[in-house]
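Q: Got a structure for you, written out below as structure tokens; questions coming shortly.
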Amino acid sequence: MRKLFFGCWLALLMVSALANEAKPVAANPALEQHVMAISEELRCLVCQNETIAASTAPLAVDLKNQVREMLGQGMSDKDILDYMVQRYGDFILFRPPLKATTWLLWFGPFVLLIGGIVLLGLKLRRGRSPVDDLPQAEMQRASELLRATPDVKEKK
């Protein structure tokens with residue numbers, strides 16, 4: 001057991017010694033920083049909960065490469081974002097604009113929350129116990145049973 005533990009520890013130590021810091025894709029650090037800034041504004045179409053800057057999905061890597069190429073061609077940030085919106089729709093923007101086609105996206109969660117609160121309030125206001133549904137004869141019988149106290153004698 002000690003040999004196995006020591007072997008795993010030694011392997012981990014060797015791997016960590018060989019590890020290097022990841023090198024940026026672009027030779028120009030300023031360009032790479034600009035690519036990352038634009039990538040923070042674009043949603044990964046595969047992950048959908050991450051920006052393409054944070055995603056490692058192949059499509060996100062391709063989109064970052066496209067952004068890098070467009071910046072190399074001299075396109076502005078707005079031109080790049082407009083191109084991506086034209087190609088993929090408003091969904092590609094991590095913060096989509098507020099317009100008629102995105103109202104549900106922006107206000108849908110709040111509408112569902114308010115609707116749930118209203119339904120809960122109505123349900124609690126109308127809250128009836130199952131006893132309320134019993135006929136009058138059953139209610140009287142239950143009252144008599146509750147009032148009656150049986151004589152319980154302990155047997156020894």
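Q: Ordered by packing density, taken as the mean number of other Cβ atoms within 10 Å over each peptide's residues, highest first, how do 32-40, 53-61 rank?
A: Final packing ranking: 32-40, 53-61.
Q: Right, something else. Rounded if a/c is under 1.5, else prolate if a/b beats b/c, else oblate: with a ≥ b ≥ c from the C-alpha gyration tensor eigenvalues square-rooted, which is region 69-151?
A: Working: a/c = 8.38, a/b = 5.49, b/c = 1.53.
Here region 69-151 falls in the prolate category.
Q: Along each of the three principal axes of the Cα atoms of region 101-145, give the extent in whole Å, ordering the values from largest to smallest.
A: Largest to smallest, the principal-axis extents are 64, 11, 11 Å.
No value in this document is a laboratory result; all are computed from the given coordinates. Note that the structure is predicted; figures quoted are calculated from it, not measured. Here the Cβ is made from the backbone with ideal geometry for all residues, glycine too, and neighbour counts use every protein chain on show.
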